[in-house]
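Below you'll find the structure, written out as structure tokens, and then a few comments.
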Amino acid sequence: MERDRRIVPFRRGRLGSGFWVAVVALLGAVWLVGFAHGSTVAVAGEAPEVSLLPSVQALEIERGVPADTLPELRSGEELIRTYVRGNRRPTPELARRIYEAARAHGIDPQVAFGLVRVESGFRPNAVGPGGAAGLTQIMPRTAAWLRPGTTPRDLRSPELSLDLGFGYLRELKDRYDGDVRLALLAYNRGPGTVDRALRRGANPDNGYVERVLGRQARQ
């Protein structure tokens, strides 16, 4: 049976439709204010926690590294969170790549993060005035020497740039008998320049090490 669609007239003593419209509008305004406040908190709040252990742990297990490295991995998590929450910060994915690449090449992750921060500001497409490119700002000539066939465009790949940059830093570190400071200076100025300064008994320091290591440089 069809429902009666007649409009029921307003009766004295009942709340009018205008009252309910006002109530609905007020509730809607309260909801919008709450939503806007929640959105602001989500944007302005701290960056989400970054879980490094699953990816790095798998990497370590694959390479047969003992389980007692877990404290170091947890230290790596804290390091990544520090950079992800910083001003010039990498994405969590890039932070994990930097950490893993550093460990793969035997580079202190703190040094690795400092180098990428100073060289490119964590921007994979960064290009220097001299033609250096990528996260680790490798010169195209150096890249082609380290890995024949590498083009300047290839250096914009985060994975390749980190692999070449940290691999090169490790070679320099071995060249200078584990001296990280000299390795960093050679990375920045070129090993030839550093070697000539050392032969003359001069200090090749130009401030680059302090920029990369920060407070570590004063310890």
- Since ASP179 meets every condition but one in (1) acidic (Asp, Glu); (2) loosely packed, with under 13 Cβ neighbours inside 10 Å; (3) more than 20 Å from the chain's Cα centre (by Cα), which condition does it not meet? (2)
- Message: Just to be sure before I move on: is PHE122 within 28 Å of GLY178 (Cβ to Cβ), of a type in the set (Phe, Trp, Tyr) and not in a helix (DSSP H, G or I) in the structure I sent?
- Response: yes
- Considering the range 112-146 alone, what residues qualify as being over 19 Å from TYR208 (Cβ atoms) and among the small types (Gly, Ala, Ser)? ALA143, ALA144
- Failed item in (1) out of contact with any helix residue (DSSP H, G or I) (no Cβ under 6 Å at 6 or more places or on another chain); (2) in contact (Cβ under 8 Å) with a residue 60 or more places away in the chain, with ALA132 passing the rest: (2)
- Of (1) out of contact with any Leu (no Cβ under 9 Å at 6 or more places or on another chain); (2) surrounded by 15 or more Cβ atoms within 10 Å (Cβ to Cβ), PRO158 satisfies all except one. Which? (1)
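Taken together, the values in this text are just the output of simple stated rules run on the coordinates, not laboratory data. As the structure is a computational prediction, the values presented were derived from the model and not from experiment. Positions of Cβ are backbone-derived with ideal geometry, glycine not excepted, and every protein chain shown enters the neighbour counts.
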